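Novice: What follows is a single structure, and I will ask about it in a moment.
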Amino acid sequence: MPQPSKPVAAYKPKKGEAYMSPAQLEHFRSILGSLKTELSHEIDRTVHTMQDEATVFADPNDRASQESDMSLELRNRDRERKLIKNIDKMLVRIDEGDYGYCDKCGIEIGLSRLEARPTATLCIDCKTLEEIREKQMAR
Ligand SMILES: [Zn+2]
């Protein structure tokens, strides 16, 4: 995941401060906001690169590698678009006061986990379980 160009310093809650206090919500809103800006720039850059590189190579080998570069770019862009959608969902959750709680079991996801993964919707336990299940399904 691309990091925001100016990383927002980790939030230090005051003693006795409630989880997801207005100040914490503001903090995560700004993290998500800068992440989204960064991703949009990334997508713009990709579009320009693809336009610049739209040269037709005479050598079939060059053409093939160009095509695989492009499909990689397209996949990256797809991933970035999905991330932006996720960020938008998170911003809605902040507005609705749902942010920071696990989708599955409803417990607090926790500040440090959200600091590392501001788009997390599962607590670490549910996420671990999900990953184990996915691995078993992939077999
Ligand atoms: Zn959970």
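Novice: Looking at segment 99-111, I want the residues that are within 8 Å of the ligand (Cβ to nearest atom) and have a partner that is of a type in the set (Ser, Thr, Tyr) with Cβ atoms under 6 Å, at least 6 apart or on another chain. Which pairs are those?
Specialist: Final answer for the pair search is 103/121.
Novice: Right, something else. Of all residues being of a type in the set (D, E, K, R) and in contact (Cβ under 8 Å) with a residue 12 or more places away in the chain in segment 74-88, which is farthest from the ligand (Cβ to nearest atom)? Just the residue, please. Give the derivation first.
Specialist: Initial filter on segment 74-88 (of a type in the set (D, E, K, R)): 75, 77-82, 85, 88.
Checking the rest, the ones that are also in contact (Cβ under 8 Å) with a residue 12 or more places away in the chain come to 77, 80-81, 88.
Values: 77: 31, 80: 27, 81: 27, 88: 22 Å.
Per the stated criteria, the residue is 77.
Novice: Pick from segment 7-28 the residues that are in contact with a helix residue (DSSP H, G or I) (Cβ under 8 Å, 6 or more places away or on another chain) and assigned to a loop (DSSP other than H, G, I, E, B): which of them is modelled with the lowest pLDDT? Spell out how you get there, then give the answer.
Specialist: Restricting attention to segment 7-28, the residues satisfying the condition of being in contact with a helix residue (DSSP H, G or I) (Cβ under 8 Å, 6 or more places away or on another chain) are 8, 10-11, 13, 17, 19, 24-25, 28.
Now restrict to residues that are assigned to a loop (DSSP other than H, G, I, E, B): 8, 10-11, 13, 17, 19.
On the way: 8: 71, 10: 88, 11: 92, 13: 91, 17: 95, 19: 96.
Filtering first and then ranking leaves 8.
Novice: Let me ask something additional. Looking at segment 90-139, which of its residues are in a helix (DSSP H, G or I), surrounded by 12 or more Cβ atoms within 10 Å (Cβ to Cβ) and not β-branched (Val, Ile, Thr)? Please lay out each step first, then the result.
Specialist: Pass one, segment 90-139, residues in a helix (DSSP H, G or I): 90-96, 111-116, 124-138.
Cutting the leftovers down to surrounded by 12 or more Cβ atoms within 10 Å (Cβ to Cβ) gives us 90-91, 93-94, 111, 113-115, 124-127, 129-130.
If the condition is that a residue be in a helix (DSSP H, G or I), surrounded by 12 or more Cβ atoms within 10 Å (Cβ to Cβ) and not β-branched (Val, Ile, Thr), then 90, 91, 93, 111, 113, 114, 115, 125, 126, 127, 129, 130 are the ones that fit.
Novice: If we scan segment 47-60, do we find a residue that is surrounded by 14 or more Cβ atoms within 10 Å (Cβ to Cβ) and in a helix (DSSP H, G or I)?
Specialist: In the first step, residues of segment 47-60 are kept if they are surrounded by 14 or more Cβ atoms within 10 Å (Cβ to Cβ); the result is 50.
Pick out the ones that are also in a helix (DSSP H, G or I) and you get 50.
So far as segment 47-60 goes, yes, one or more of its residues are surrounded by 14 or more Cβ atoms within 10 Å (Cβ to Cβ) and in a helix (DSSP H, G or I).
Novice: Kindly establish whether residue 93 is over 16 Å from residue 42 (Cα atoms) and within 16 Å of the ligand (Cβ to nearest atom). Don't jump to the end; show me each part of the working.
Specialist: On the way: over 16 Å from residue 42 (Cα atoms): yes; within 16 Å of the ligand (Cβ to nearest atom): yes.
It is true that residue 93 is over 16 Å from residue 42 (Cα atoms) and within 16 Å of the ligand (Cβ to nearest atom).
The values are calculated or read from the model by the stated rules, or taken from the named source; none is laboratory data. All figures in this text were calculated on a predicted structure; none of them were measured in a lab. With ideal geometry, Cβ positions are generated from the backbone for all residues, glycine too; neighbour counts draw on all protein chains shown.
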